[in-house]
Amino acid sequence: MHILILGGTAEARLLADRLAALGHDVTTSLAGRTQNPVLPAGTIRMGGFGGATGLDHYLRDGQFDFLVDATHPYAARISDNAVTAAASSGVPLLRLMRPQWRPAAAQKWVDLASAEDAARFLTSGARVLLTTGHTGLEHFLMRSDCRFFVRVIEPPDTAIPHHAELIVSRPPYGLAAEAHLLDRHGITHLVSKNSGGTQTAAKLEAARRAGVEVVMIARPPYRPAPEVSSVEEALDVLTGRSRS
Ligand code: NAP
């Protein structure tokens, strides 16, 4: 089978490796934002398609049998384009979406709809570990009455003001290191997306143990599409495999 995977996640990489090992012809598409990304097996293409129309043409020209949207849960635009392009090209779509994180028993998170709302919610004097990436950073940095520790994989283009400092690092992160980070910077609030998965989940348990308030920014809405929540389930659907 000829399969196009919209990637940029660990799951997309694993799925491509598994499908290639089974002898399928897999192409992974990356937005091209990360320098030196870890690449999966199969063919790689980089950069935007030019919207849903560009993706439609790419699917038709490449005579793909399946489109898998394995992008990050917060990559809303490409996922929306995938729904449109799958419908117009007639190529079946499968969405691979990680389950959301849930608070531990007796733990409460503040759930908010946007970075803007989260920035507004913070109390003056808060010391914030910000793990929401580059999107919406400007809303937080306007809060000069708070101190921000901005963890990013790649530094943003924007200037970082005096009341913020960058922590440039790459997941996975372990519990002991996360606990140390919260303690070292006297963190009072953790602002996070509900990314799901295991690579960055330790911060939530570290926050719970340290009594740090968790502010969770909700996932964007998605149009309906056939969806699975794990690489194994995706393999079942794509290969017609049944599990007993
Ligand atoms: P986005 O806002 O949904 O997409 C913006 C535009 O970037 C899309 O319209 C598309 O351009 C292009 N694009 C995005 N993903 C692509 C892909 N896999 N292959 C080709 N073009 C792609 O996406 P985003 O939030 O910027 O995320 C970009 C990439 O980073 C995705 O692959 C995602 O899986 C990964 N990522 C995102 C996050 C996050 O928090 N958003 C976190 C970790 C990894 P055209 O319209 O021109 O096709």
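The values are calculated or read from the model by the stated rules, or taken from the named source; none is laboratory data. Here the structure is a predicted model, which is why all the values come from computation and not from measurement. All Cβ positions, even for glycine, are placed from backbone atoms using ideal geometry, and neighbour counts span all protein chains on display. Surface accessibility is based on the protein's heavy atoms, side chains included, excluding ligands, DNA and RNA. Shrake-Rupley method; radii C 1.70, N 1.55, O 1.52, S 1.80 Å.
Computed quantities for the displayed model
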quantity	calculated
Average accessible area per residue (Å²) across the chain - probe 1.4 Å, nucleic acids and ligands excluded	50
About the Cα centre, charge dipole magnitude for region 25-82 (Lys/Arg +1, Asp/Glu -1 at Cβ), debye	240
Among L4, P220, A179 the positive-end extreme of the charge dipole of the chain (Cβ point charges)	A179
Relative contact order of region 100-162, pairs being alpha-carbon contacts under 8 Å that are 6 or more residues apart, as %	31
Histogram of C-alpha separations across region 1-96, 5 Å bin width, %	3, 15, 28, 28, 19, 7, 1
Dipole axis of the chain (+1 Lys, Arg; -1 Asp, Glu on Cβ), positive-most option in W101, P156, G133	W101
Burial order of peptide ranges 118-125, 219-226 (average beta-carbon count within 10 Å, highest first)	118-125, 219-226
Degrees separating the helix 10-21 axis from the principal Cα axis of the chain, which is the longest one	20
Computed over region 139-244: relative contact order in percent, which uses C-alpha pairs under 8 Å that are six or more apart	20
Calculated [θ] (222 nm, deg cm²/dmol) that DSSP helices of n ≥ 4 give over the chain, each run adding -39,500 (n - 2.57)	-9000 deg cm²/dmol
Spin-label zone in region 201-235 - amide nitrogen under 20 Å from a point set 7 Å from the Cα of A104 along the C-beta vector	201-217
The chain - percent relative contact order, Cα under 8 Å, separation 6 or more	20
Distance cut-off 26 Å, percentage of C-alpha pairs in the chain lying past it	44
Unit charges on C-beta of K, R, D, E only; dipole of region 28-148, Debye	420
